[in-house]
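These notes concern the structure reproduced below.
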């Protein structure tokens, strides 16, 4: 068997000798033979492709432990593992990017100082309904001047989980409004408290809007959603934390396929004890905006064009809008609990 000395192997594999020594210690690329006298490493030509694969995986940032798992797989399984890992990296990067934007916005608001008074007013209404199939309503809602929230519990104690999450945020909203610079920490504490209040063997999704000076803070985890109707156009503000959404983000299924996928309700992130990792945003509302916070009992049954049409046709009447959206879910079979909170933005 012809062997390549480490210098030549480093050249053909496009790795440094230092990297090869590290990969030897990690068991990733082990020399075919080591001179017992000099300790000099020699490699077989058949090891070149494995070494190159290790190098490429390290260049894209894959941890060494994960690299070891991937290079031990058959090519097809390895390809799926790389795609799955990168999808997770992209999702985590998006979360960090959103959090960075939130921090930057919070800092900018802190420089401006506290507003002289409420910058905007809200007219709001909330409805929660058991639906036509479920025996229990595990949703919880709150519609108030300082909190608009929907939580969708799951598990044997799902109703307790959703109620506890909303109650924790309600206590936060009833206290003194934090200074703009302290908003991020205060929100994080409130969400952590909500997670701690969730019973064991249960969990909940949560989407909430909390007025903060001239802004609206948006807290989201799971597949409850928030929408904004502005100038007649409906925009989804949240990203579902579901397996199917992750597959769609990776391009492995289409959005149309996602809508009917048998695992579309499988969550990859939710509010469970002891801690939570929600998405956070700061939004600037305008007079005339209409916000909708809802459970997936609405969005899984009613297409977004129908939601947009209903929100437009019930303008200036949040209570009528919330009731009409629940009725749409009923007409679609009402297979799940359905909850809606609608809020219209006016002048302060």
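The values are calculated or read from the model by the stated rules, or taken from the named source; none is laboratory data. Note that the structure is predicted; figures quoted are calculated from it, not measured. Here Cβ is always computed from backbone atoms with ideal geometry, including for glycine, and neighbour counts include all displayed protein chains.
For residue 187, state whether it is touching a helix residue (DSSP H, G or I) at 6+ places or on another chain (Cβ under 9 Å), under 15 Å from residue 280 (Cα atoms) and in the same structural domain as residue 281 (by TED's automatic domain parsing). Don't jump to the end; show me each part of the working.
Working: touching a helix residue (DSSP H, G or I) at 6+ places or on another chain (Cβ under 9 Å): yes; under 15 Å from residue 280 (Cα atoms): yes; in the same structural domain as residue 281 (by TED's automatic domain parsing): yes.
Answer is yes for this residue.
With respect to residue 344, is the statement that it is surrounded by 15 or more Cβ atoms within 10 Å (Cβ to Cβ) and in a strand (DSSP E or B) true? Reasoning before the result, please.
On the way: surrounded by 15 or more Cβ atoms within 10 Å (Cβ to Cβ): yes; in a strand (DSSP E or B): yes.
Spelling it out, residue 344 is indeed surrounded by 15 or more Cβ atoms within 10 Å (Cβ to Cβ) and in a strand (DSSP E or B).
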Output for Cβ contacts, cut-off 6 Å, separation at least six or different chains, first residue within 18 Å of residue 239 (Cα to Cα) and outside the structural domain of residue 61 (by TED's automatic domain parsing) in segment 74-93, second surrounded by 13 or more Cβ atoms within 10 Å (Cβ to Cβ) and at pLDDT 80 or above, reads none
Checked segment 213-224 for anything more than 16 Å from residue 166 (Cβ to Cβ) and either within 22 Å of the chain's Cα centre (by Cα) or not assigned by TED's automatic domain parsing to the domain that holds residue 194 (or both); matches are 215, 216, 223
Within segment 137-176, the residues that are farther than 13 Å from residue 207 by Cα and touching a residue at least 60 places away in the same chain (Cβ under 8 Å) are 137, 138, 145, 146, 154, 161
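Residues to consider are 50, 58, 41; find the one that is touching a strand residue (DSSP E or B) at 6+ places or on another chain (Cβ under 7 Å), assigned by TED's automatic domain parsing to the domain that holds residue 15 and under 16 Å from residue 10 (Cβ atoms).
Details: 50 fails: touching a strand residue (DSSP E or B) at 6+ places or on another chain (Cβ under 7 Å); 58 fails: touching a strand residue (DSSP E or B) at 6+ places or on another chain (Cβ under 7 Å).
Only one candidate qualifies: 41.
Scan segment 2-53 for residues that are on the phi > 0 side of the Ramachandran plot and in contact with a helix residue (DSSP H, G or I) (Cβ under 9 Å, 6 or more places away or on another chain) and jot them down. Show your work before the answer.
The initial filter retains those residues of segment 2-53 that are on the phi > 0 side of the Ramachandran plot, namely 14, 27, 39.
Result: 14, 27.
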Checked pairs for segment 8-29, first farther than 14 Å from residue 59 by Cβ, second modelled with pLDDT under 90, C-beta under 7 Å and 6 or more apart or across chains, list as 26/64
Subset of segment 144-154, residues more than 14 Å from residue 221 (Cα to Cα) and within 20 Å of the chain's Cα centre (by Cα), comes to 148
For segment 300-313 the number of residues that are modelled with pLDDT under 95 and surrounded by 20 or more Cβ atoms within 10 Å (Cβ to Cβ) is 0
